[in-house]
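J.: One structure, as structure tokens, below. Some questions next.
A short reminder: the numbers here are calculations on the coordinates, not readings from a lab. Owing to the predicted nature of the structure, the values given are computational and were not obtained by experimental measurement. We place every Cβ from the backbone using ideal geometry, glycine too, and count neighbours over all the protein chains shown.
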Amino acid sequence: MVLFTVIPVILLLVFSYYPLVKMIQYSLTDWDGFSPSSNFVGLKNYKTVFTNPTYFSVFRTSLYYFIATFFQLGFALLFATLLSFKVKFANFWKGVLFFPYLLNGVAIGFIFLYFYKQQGTLDTVMNFFGLHNQIKLWLGDRSINNISLAFTSVWRYTGFNFLIFLGAIQSINPEVYEAAEMDGANRWNQFKYIIIPGIKEILFLNIILGVSGSLSVFDIPYIMTSGSNGTNTFVIQTIDTAFKYNKLGLASAMAIILLLIVIVVTVIQRVATRERSAN
Amino acid sequence: MKKFTVSAFFKYLILVIGAVIAILPILVVFIGSFKSNNEFLTSGVLSLPKHLDFSNYKTAFVNGQMLVGFKNTAIIFVISMAGKLLLGSAFAYAINRFDFKLKKPIMSLFMVAMLIPAITSQVATFQLINSMGLFNKIWSVIILNLGTDVVSIYIFMQYLNEIPVSLDESAFLDGANYFQIFGKIILPNLKAPMVTILIISGVQIYNDFYNPFLYMPDPSLKVISTALFAFKGPYGTNWPVILAGVVIVILPILIVFLALQKYIYNGVVGSVK
């Protein structure tokens, strides 16, 4: 029977654990990725990441995506709540809101390049509402470009959170609402005292996923702006350091740092969830 | 009664705004893709094309080598899915039905692996793929699809609990060996998780950009994502062709979504439980 498990275990060891061990090893050297030799440099790479602003400043970009996560969860919760009550064309709204999540990342990149371009969709809509003096270079202007990109990410992922929340809300026993309505609870009270407590766990889990998600943003900014003009994210920086600038040792250190952050956040979530369910 | 109509009005207003924000960016892409270059430059993004011009689609499909992209995506899809379904179900069967020494450590290995974000280890994975001689080979992406898949194994494990062990036992008493039990009893009962995995992993493979981009830069190995990404250079300013390319990539997903809506919802929700 062990036979049935051999191939998956080998694949897992080779493609998940072996790279991890190698990466820790590379992160302590100055290897460029192709030379036959490299020097052991200790923790120098880690020090560089935390002291050199070129590498450290990219964490600032993650903040935009992290804040955007809360908007995303808020919108998702709003729509999930609306659709958990009786609504006409429920399937239509559900489908429309969810569909962007299924789209190809490259396609989304182009869709929003077109959306934000000069004389593009957003400019046209703003002109229509008489807001032409508010029009900016949405992807070029440093004061707004990360917000534009973070919005793209919200557009893409809200549908996913929405569907998860909707599922969680619908799994609440309908009798609870009926009882509440008989006691005279209005919609807001139902939301506050039934829906929120009922989906607390899944809400919390999604916030935690948002932390790791905002640190590992890659394809949207890479496709749309190639990380230029202050839109560089930690993962783009890591990939560029490794494959464009051939500093594989340094890039490995960056990847390990990201991994450690994700593990710490996940462990906090697991422990917190366990304590809550223990209470 | 008046209060009810006001709240209903706001409810539908919010839904309409949400739907417009979700649809509008995609809708303008459809509109623009049918315009000739001339019309595109002289008309607004929201004005409908005067007549449907399919030449952009032809340019995108033929010059953009999207056929190659669809072919390679299809190859990767079929082999990866067959591998995932077979390996995942066999693995889950062994873990769920039998006790052996290494069971616990093996399970922990898979649990911990879930925490590693795939994109962070690319730095070292690249060296590994390269040293295996798989760089610029279609197998690089296929083997990475198989090697880093933990979710489908979990989905199978959940469902295996629901297949009664008595079914296995009676087959065993009838003289069936483990392979026969797996093939005749377990597999036919795993259709539901297979549909879930086909959808979840299928969408993932169809949309995968990063692995093909990094491991298969050879133009003959373009997949659908990298073929579209390549539009960025040569068609940099030719928006109608780019938009047609985007529509070509979106259309299959739209059709699958409309046809399998219910299964997709269940699959997505099921995969995070």
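J.: For the stretch B:154-263, count all C-alpha to C-alpha pairs, find those more than 21 Å apart, and express that count as a whole percent of the total.
T.: 59 percent
J.: Can you count the Lys pairs in the stretch B:66-272 whose Cα atoms are under 30 Å apart, with each pair 8 or more apart or on different chains?
T.: Lysine pairs meeting both conditions in the stretch B:66-272 amount to 25.
J.: May I ask which residue of A:ILE108, A:PHE79, B:TYR265 lies farthest towards the positive end of the charge dipole of the protein assembly as shown, with charges of +1 (Lys, Arg) and -1 (Asp, Glu) on Cβ and the Cα centre as origin?
T.: Positive-most Cα among the choices belongs to A:PHE79.
J.: Something else about it: Amide H to amide H, which residues 5 or more places from A:THR29 or on other chains are under 5 Å from it, using H placed in the peptide plane?
T.: Distant-sequence amide H within range of A:THR29: A:VAL41.
J.: Let me have the 222 nm mean residue ellipticity of chain A computed from DSSP H runs of 4+ only, each contributing -39500 (n - 2.57), with the sum over all residues rounded to the nearest 500.
T.: -21500 deg cm²/dmol
J.: Taking 25 Å as R0, compute the FRET efficiency from the Cβ-Cβ separation of A:PHE204 and B:SER108 and round it to 0.05.
T.: 0.55
J.: Which residues' amide hydrogens lie under 5 Å from the amide hydrogen of A:GLY230, considering only partners 5 or more residues apart or on another chain, with H built in the peptide plane?
T.: none
J.: For chain B, report the convex hull volume of the alpha-carbon atoms normalised per residue, in Å³, without decimals.
T.: Normalising the Cα hull of chain B by residue number yields 210 Å³.
J.: Tell me the angle of helix B:138-147 to the major Cα principal axis of chain B, expressed in degrees between 0 and 90 and rounded to the nearest ten.
T.: 50 degrees
J.: Right, something else. If you rank A:ILE144, B:ILE185, B:ILE129 by fewest surrounding Cβ atoms within 10 Å, what's the result?
T.: Ascending Cβ contact count within 10 Å gives the list A:ILE144, B:ILE185, B:ILE129.
J.: Limiting things to C-alpha atoms, what are the Rg and the maximum Cα-Cα separation (Dmax) for chain A, in angstroms?
T.: Values for chain A (Cα only, Rg and Dmax): 23.0, 76 Å.
J.: Where the only charges are on Cβ atoms (+1 Lys, Arg; -1 Asp, Glu), what is the dipole of the protein assembly as shown about its Cα centre, to the nearest 20 debye?
T.: 560 debye
J.: Let me ask something else. Averaged over all directions, how much area does the convex hull of the C-alpha atoms of the protein assembly as shown cover when projected, in nm²?
T.: Mean shadow area of the hull around the Cα atoms is 30.6 nm².
J.: Then there is this: Which whole-Hz couplings ³J(HN,Hα) result when phi for each residue of the stretch A:39-50 is put into the Karplus expression 6.51 cos²θ - 1.76 cosθ + 1.60, θ = phi - 60°, listed in order with x for Gly and Pro?
T.: With the stated coefficients, the stretch A:39-50 comes to 10, 6, 10, x, 8, 4, 4, 5, 4, 4, 4, 7 Hz.
J.: Still on this structure, I have one more. Projecting each Cα onto the charge dipole of chain B (Lys/Arg +1, Asp/Glu -1 at the beta carbon, about the Cα centre), which of B:ILE129, B:ILE119, B:ILE255 comes out farthest on the positive side?
T.: B:ILE255
J.: In 5 Å bins starting at zero, report the fraction of Cα pairs in the stretch B:114-163 per bin as a rounded %.
T.: Over the stretch B:114-163, the share of Cα pairs per 5 Å bin runs 4, 17, 22, 20, 12, 10, 7, 5, 2 percent.
J.: Related question: What FRET efficiency, computed as 1/(1 + (r/R0)^6) with R0 = 41 Å and r the Cβ-Cβ distance, is obtained for B:LEU167 and B:LEU67, rounded to the nearest 0.05?
T.: Taking R0 as 41 Å, the efficiency between B:LEU167 and B:LEU67 is 0.35.
J.: Now a separate question. Which angle from 0 to 90°, rounded to the nearest 10, does the C-alpha axis of helix A:234-243 make with the longest principal axis of chain A?
T.: Computed tilt is about 30 degrees.
J.: Let me ask another. Evaluate 2.2 N^0.38 Å with N set to the residue count of the stretch A:67-225, then give the Cα radius of gyration divided by it.
T.: Cα Rg divided by the expected 2.2 N^0.38 Å: 1.22.
J.: Given the stretch B:8-121, report the % of alpha carbon pairs whose separation exceeds 24 Å.
T.: Summing the P(r) of the stretch B:8-121 above 24 Å gives 64 percent of all pairs.
J.: How many nm separate the modelled label positions at A:GLU178 and B:GLU39, each set 7 Å beyond the Cα in the direction of the Cβ?
T.: Label-label distance for A:GLU178 and B:GLU39, simple model: 5.6 nm.
J.: Based on alpha-carbon centroids, what's the gap between the stretch B:1-68 and the stretch A:1-46 in Å, whole number please?
T.: 46 Å
J.: Using only Cα atoms, tell me the angle between helix B:191-207 and the longest principal axis of chain B; keep it within 0 to 90° and round to the nearest 10.
T.: The helix B:191-207 is inclined about 40 degrees to chain B.
J.: So how do A:PHE243, A:PHE129 line up by other beta-carbon neighbours within 10 Å, fewest first?
T.: By the 10 Å Cβ count, ascending, the order reads A:PHE129, A:PHE243.
J.: Within straight cross-link reach of A:LYS22, meaning Cα distance under 22 Å, which lysines are found once same-chain residues fewer than 8 apart are removed?
T.: Cross-link targets: A:LYS44, A:LYS47, A:LYS244, A:LYS247.
J.: What FRET efficiency comes out for A:ASP141 versus A:THR54 if R0 is 25 angstrom and r is the Cβ-Cβ distance? Round to the nearest 0.05.
T.: 0.70
J.: In the Gaussian network model of chain B, springs joining C-alpha atoms below 10 Å, which of B:GLY175, B:GLY88, B:GLY147 carries the largest mean-square fluctuation?
T.: Top of the fluctuation ranking is B:GLY175.
J.: Now for a separate question. For the stretch B:1-53, state the average projected area of the convex hull of the C-alpha atoms over all orientations, rounded to one decimal in nm².
T.: In nm², the orientation-averaged hull projection of the stretch B:1-53 is 4.7.
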